[in-house]
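The values are calculated or read from the model by the stated rules, or taken from the named source; none is laboratory data. What you see is a predicted model, and the numbers here were worked out from it, not measured in a lab. Note: ideal-geometry Cβ built from the backbone for every residue, glycine included; neighbour counts use all protein chains shown. Only protein heavy atoms, including side chains, enter the accessible area calculation; ligands, DNA and RNA are left aside. Shrake-Rupley method; radii C 1.70, N 1.55, O 1.52, S 1.80 Å.
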Amino acid sequence: MSEEQAVSEAITRVHREEWARVVAGLARRFGDLDVAEEAAAEAFAVAVERWPSDGVPPNPGAWLTTTANRKAIDRLRRESKRDDRQKEAQMAYDEPVEPLGVIDDERLRLIFTCCHPALAPETRIALTLRMVGGLTVPEIARAFLVQETTMGQRITRAKAKIKAARIPYRVPAAEDLPTRVAGVLTVLFLVFNEGYLATGPDTDPVRHDLTAEAIRLTRLIRALLPNDGEVVGLLALMLLTESRRTARVSATGELVPLGEQDRGAWDPALIAEGHQLVRERLATGVAPGRYQILAAVNAVHTSARDVRDTDWSQIVALYDQLVRLDRSPVVVLNRAIALAELDGPDVALATVDSLEPALAGYHAFHATRADLLRRLGRSDDSRAAYTQAITLAGNTAEAAYLTRRRDQLGQ
């Protein structure tokens, strides 16, 4: 590897590792997400320009934070109106900020700001993916199946609303946490999912930086609310899903479906921790929520040493519970996938076909339908469904897998 390639890879790695920390630090100091995002982006641009000749600094995060702070102050000084806003920002920079809330973690503060109930749910998720996850606007737009311009406007309006409404940059007080945590869990789940099955043509198919950050932040939320079943459930779900990460992409860059994975490559420590959390929640006797049920589904999968040992009747029963809580088309689709293993692909296909109006733009719907049609011997229909799934798939490894399966139909 050339020195230039090494520096380029270092910058990419540092961006993944440090973006959220730099943005969060700037947001805390200056109280303005626009300033924070722009200054962080400028600091990384300077790194791209200087590091190839100067070398990667010993502490890249500190270098970026210092550079970004200078960029932020320069921006404020250039503004034509330098009265109260600049004075307040300068004070925030010069004087230490007292920690507010239960846990003093800047990235957690940033998440609660981005997930404030004054913002629409889809806006909270998009803003957090941008400000905390460091995803680009095109990547977030793909995750939401909307136009890039629409997503850019949504994020811009969200930042403007935070500023206009003076939404505080802090972890809520203990008494306010239960009512605020559901929105945060939704965001963390989507951040994890973006890492688990990353979108975008220029991203790795599995982004461990995002899954690891989502798990880290979920652990912090659990420290805040140790008895909240859904927090525990989400953490267990993430751990059990993450345990399969190294087995999910083949050496040729294809996604490896669950039934074909090398189970010996799964992480036993993560599985053990996830199973323990699921058992803890079962022992309480409290009716489970969405994340706890999904964690239980994954516990059943990871309990089977071979795919043939999977207890599909238990998985279908768990999805029956989930459908009673959330009858969304995606949940019904996932139940149908399990039902195919229990009652056959023809029974499952009838359910899947009924979901087409709601899921016509969802790649997993077409991929599921293609597989069921293949198993029923309807090759032409299966090929067409595979083609539609490939067109909609945003993950490179998944697209490669679907393409191979489609091409096998002609052999």
Evaluate the following for residue 290: is it open to solvent by 70 Å² or more (accessible area, probe 1.4 Å) and over 24 Å from the mean Cα position of the chain (by Cα)? no
Taking segment 61-77 and keeping residues among the polar types (S, T, N, Q) and either surrounded by fewer than 20 Cβ atoms within 10 Å (Cβ to Cβ) or under 13 Å from residue 27 (Cα atoms) (or both) leaves 65, 66, 69
Can you find, within segment 195-214, the residue that is farthest from residue 246 (Cα to Cα) among those that are outside any loop (DSSP other than H, G, I, E, B) and open to solvent by 10 Å² or more (accessible area, probe 1.4 Å)? 213
Looking at segment 126-156, which of its residues are assigned to a helix (DSSP H, G or I), aliphatic (A, V, I, L, M) and open to solvent by 20 Å² or more (accessible area, probe 1.4 Å)? 137, 143
Complete set of residues in segment 105-127 that are modelled with pLDDT of 85 or more and not aliphatic (A, V, I, L, M): 109, 112, 113, 114, 115, 116, 117, 123, 124
(1) more than 27 Å from residue 195 (Cα to Cα); (2) open to solvent by less than 20 Å² (accessible area, probe 1.4 Å); (3) not hydrophobic (A, V, I, L, M, F, W, C) all hold for residue 25 apart from (1)
Do we have any residue at all in segment 307-324 that's more than 22 Å from residue 243 (Cα to Cα), open to solvent by 70 Å² or more (accessible area, probe 1.4 Å), in a helix (DSSP H, G or I) and touching a residue at least 24 places away in the same chain (Cβ under 8 Å)? no
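Residues in segment 29-52: is at least one outside any helix (DSSP H, G or I), without any contact (Cβ under 8 Å) to a residue 24 or more places away in the chain and more than 20 Å from residue 133 (Cα to Cα)?
no
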